[in-house]
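Working notes, structure below.
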Amino acid sequence: MISALELRHMIECGFLPLSCTCTTNADGSLMIKVIDPSTGNVELLVTGVSTPALTSSRAIAGLIGQLRSEMAARKTRFESSERRAHER
């Protein structure tokens with residue numbers, strides 16, 4: 001079994017070179033906050049991440065991959081809408 005401390009450390013390391021803070025909420029769920037250290041912008045903030053299924057490195061890697069995909073999709077949508085605004 002993976003301890004809460006190990007789980008948080010693995011998640012935080014999974015977002016390098018971005019800065020990630022992973023904290024445990026009172027109900028045992030996680031809050032994951034990812035910041036771009038070069039800009040200080042919050043790239044991702046997820047609360048209430050359920051932990052019971054995060055019992056293996058594969059499950060944790062899957063979560064990190066899913067969250068990284070969400071970040072990339074948001075960034076793409078933002079850049080696309082920003083380009084459209086400049087074209088007007």
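For this structure, a couple of remarks:
- Distance (nanometres) between label positions extended 7 Å along Cα→Cβ at MET1 and ASP36: 4.0 nm
- Computed on the chain, with alpha-carbon pairs under 8 angstrom and 6+ residues apart, the relative contact order is 21 percent.
- Entry comment: accessible area of the chain is 67 Å² per residue, from protein heavy atoms only and a probe of 1.4 Å.
- The phi-based Karplus calculation (6.51 cos²θ - 1.76 cosθ + 1.60; θ = phi - 60°) puts the 3J(HN,Hα) values of the range 27-38 at 8, x, 6, 10, 10, 10, 10, 10, 10, 7, x, 6 Hz, whole numbers, x for Gly and Pro.
- Couplings for the range 7-19, taken from phi via the Karplus curve 6.51 cos²θ - 1.76 cosθ + 1.60 with θ = phi - 60°, read 4, 4, 4, 4, 5, 4, 5, x, 9, 4, x, 6, 8 Hz in order; Gly and Pro are left as x.
- Stretched out straight at 0.36 nm per residue, the stretch from ALA72 to ALA26 would grow longer than its current Cα-Cα span by 13.6 nm.
The values are calculated or read from the model by the stated rules, or taken from the named source; none is laboratory data. None of these values were measured; they are calculated from a predicted model. All Cβ positions, glycine included, derive from the backbone under ideal geometry; neighbour counts span all protein chains shown. Just so you know, the surface numbers come from the protein's heavy atoms only, side chains and all, with ligands and any DNA or RNA stripped out. Shrake-Rupley method; radii C 1.70, N 1.55, O 1.52, S 1.80 Å.
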